[in-house]
Amino acid sequence: MTTSLRPDGRRLPWYGRFGAPITLVVGVAAYLLILDVMMETQNLNLFPTLLLVGAVTVPAAVLLLAFAVDLPARGHGALIAATAVAGGVVGTTSAGLLEYRALTAMPWLGMVAVGFIEEAVKLILPVLILIFYRKHPRGLGVVLGIASGAGFAVLETMGYGFTALVTTRGDVAAVDSTLLLRALLSPAGHVAWTGMTAWALWRLRDVPRPRHGVRTAIGAYLLAVALHAAWDGTGSSLPVHIAVAVLSVAVLVVLLVASRAPGRPASR
């Protein structure tokens, strides 16, 4: 199948083709085992392990699936992995500082400020790569966006899980429900929103009229901000969350399919 071939025509190794389902199955099994052992032994030293496995499993599986599907991403695995790690650290740290300052100075901005800030800081690594990385295959942008969004989602989920443990004074059930909910929703949140914006940014080097590419990038960013603000600003409104999730995932799937064809590498 086309999706199992690398750009050089060679077939992806089995761990590349099946990395996503393997990660998902192993991650879920490991999470359940760690949770069971922790509850039986009452050993809170296992909590960081539980938190890490619960937060990373679904975003990592989505990222591996995107890497396997998107042909232009082949050969850039190290760059994508580094983007996930560094993008998460830079994004969450920057968002924490900027959101604190913005909401302290202008509390009336609320979730709109959060949307603008978080959707911007998750693009720091993809933008730096776009500027300084010598090769720019067309479909690489969406996977780098997914990687940065996944890294951000993992660290944010770990933060929410730790907060749930502290505020409930050690209620592991509350942590478990928090991790489960955020894991299931992560592909429809940061992963999808940053993927679509980074895809639009990567098109700036390919479109014959840069003005059209700029408009597309701005539009994608504003759409991501709107979806983010709608998600955060509607509290526990299930219909709104379902609508945002369906739209976000649908857009991401369309962009991944559109990016499957290998694009010409662009040199600086």
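Residue count for region 179-189 satisfying the condition of being without any contact (Cβ under 8 Å) to a residue 60 or more places away in the chain and touching a helix residue (DSSP H, G or I) at 6+ places or on another chain (Cβ under 8 Å): 1.
Could you run through region 125-179 and say how many residues are closer than 30 Å to Ala73 by Cβ and in a helix (DSSP H, G or I)? Matching residues across region 125-179 total 31.
Being of a type in the set (Gly, Ala, Ser), at pLDDT below 90 and either surrounded by 14 or more Cβ atoms within 10 Å (Cβ to Cβ) or not in a loop (DSSP other than H, G, I, E, B) (or both) narrows it down to one of Ala243, Ala224, Ala250, so name that one. Lay out the reasoning, then the answer.
Numbers: Ala224 fails: at pLDDT below 90; Ala250 fails: at pLDDT below 90.
The conditions single out Ala243.
Just one of (1) open to solvent by less than 60 Å² (accessible area, probe 1.4 Å); (2) out of contact with any Phe, Trp or Tyr (no Cβ under 8 Å at 6 or more places or on another chain); (3) of a type in the set (A, V, I, L, M) fails for Leu140. It is (2).
Inspection of region 109-130 finds no residue satisfying the criterion of being farther than 25 Å from Ile218 by Cβ and open to solvent by 50 Å² or more (accessible area, probe 1.4 Å). In the set (1) over 13 Å from the mean Cα position of the chain (by Cα); (2) open to solvent by less than 20 Å² (accessible area, probe 1.4 Å); (3) in contact (Cβ under 8 Å) with a residue 40 or more places away in the chain, Asp176 fails one condition alone, (2). Pairing residues of region 119-145 that are touching a residue at least 12 places away in the same chain (Cβ under 8 Å) with residues that are acidic (Asp, Glu) and open to solvent by less than 10 Å² (accessible area, probe 1.4 Å), at Cβ distances under 9 Å and at least 6 apart in sequence or on separate chains, gives Gly139/Asp70; Leu140/Asp70; Val142/Asp70; Val143/Asp70. For Thr194, the criteria (1) in contact with a Lys or Arg (Cβ under 9 Å, 6 or more places away or on another chain); (2) open to solvent by 70 Å² or more (accessible area, probe 1.4 Å) hold in every case but one, which is (2). Taking into account only those residues within region 83-108 that are within 24 Å of Met158 (Cβ to Cβ) and hydroxyl-bearing (Ser, Thr, Tyr), which is least open to solvent (accessible area, probe 1.4 Å)? Looking at residues that are within 24 Å of Met158 (Cβ to Cβ) and hydroxyl-bearing (Ser, Thr, Tyr), I get Thr83. When region 54-82 is limited to residues that are part of a helix (DSSP H, G or I) and either closer than 16 Å to Glu156 by Cα or acidic (Asp, Glu) (or both), the one that is most open to solvent (accessible area, probe 1.4 Å) turns out to be Val56. Of the candidates Arg182, Arg211, the single residue that is more than 21 Å from Lys122 (Cβ to Cβ), basic (Lys, Arg), part of a helix (DSSP H, G or I) and modelled with pLDDT under 90 is Arg211.
Output the number of residues of region 40-72 satisfying the condition of being aliphatic (A, V, I, L, M) and closer than 20 Å to Tyr160 by Cα. Reasoning before the result, please.
We begin by selecting, within region 40-72, every residue aliphatic (A, V, I, L, M); these are 44, 46, 50-53, 55-56, 58, 60-66, 68-69, 71.
Then keep just the ones that are closer than 20 Å to Tyr160 by Cα; that gives 44, 46, 50-53, 55-56, 58, 60.
Residues in region 40-72 being aliphatic (A, V, I, L, M) and closer than 20 Å to Tyr160 by Cα: 10 in total.
Being over 25 Å from Ala60 (Cα atoms) and open to solvent by 40 Å² or more (accessible area, probe 1.4 Å) is true for just one of Arg182, Arg215. Which residue is that? The unique qualifying residue is Arg215.
The values are calculated or read from the model by the stated rules, or taken from the named source; none is laboratory data. In this text the structure is predicted, and so the values were computed from the model without any measurement. Counting neighbours? That spans all protein chains shown, and the Cβs are built from the backbone with ideal geometry, glycine included. Ligands, DNA and RNA are stripped out before the accessible areas are found, and what is left, the full protein with its side chains, is counted by its heavy atoms. Shrake-Rupley method; radii C 1.70, N 1.55, O 1.52, S 1.80 Å.
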